[in-house]
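In what follows, a single structure is set out as structure tokens and then discussed.
Just so it is clear, none of the values below were taken in a lab; they were calculated from the coordinates. Remember, predicted model here, so these are calculated numbers, not experimental data. Here Cβ is always computed from backbone atoms with ideal geometry, including for glycine, and neighbour counts include all displayed protein chains.
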Amino acid sequence: MLVNISAPMKRDEIKALLEASENPKFKFVKMKTPMEMQFEVTYAEGTEGDPTSYAKKIIKGQPWGAVLMVRALIEGQAFTGGKI
């Protein structure tokens, strides 16, 4: 599944943070725009979840995360919780 993460700052830190995740596993694909990164997300066999909520949780858990505006959407969504 493709997930798009948009952030005005700290993109290198966010990329490193997500790529260090084991389950789900985030693999950087490309920069869609100057602010939007795209990741391929996979889960370990027998597990599943919402990668957008997970990404926001670990980003917001950083010392700088509480003040950073971040948008995480599954590819094809126009807004959080929207149709894919």
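Modelled label positions at MET31 and MET69, each set 7 Å beyond Cα in the direction of Cβ, lie 2.0 nm from each other. Here the label points at MET1 and THR42, each 7 Å from Cα along the C-beta direction, are separated by 1.6 nm in the simple model. Overall form of segment 4-47: prolate. Here a/c, set by the Cα gyration tensor axes a ≥ b ≥ c, is 1.5 or more, and a/b is the larger of a/b and b/c. Rounded to the nearest 20 debye, the dipole size of the chain about its Cα centre is 320 debye, using +1 on the Cβ of Lys and Arg and -1 on the Cβ of Asp and Glu. Estimated from helical segments only, the mean residue ellipticity of the chain at 222 nm is -6500 deg cm²/dmol, where each DSSP H run of four or more residues counts as -39500 (n - 2.57). 3J(HN,Hα) along segment 5-21, derived from phi through the Karplus expression 6.51 cos²θ - 1.76 cosθ + 1.60 where θ = phi - 60°, amounts to 10, 10, 7, x, 9, 6, 5, 5, 5, 5, 4, 5, 4, 5, 5, 7, 5 Hz, with x in place of Gly and Pro.
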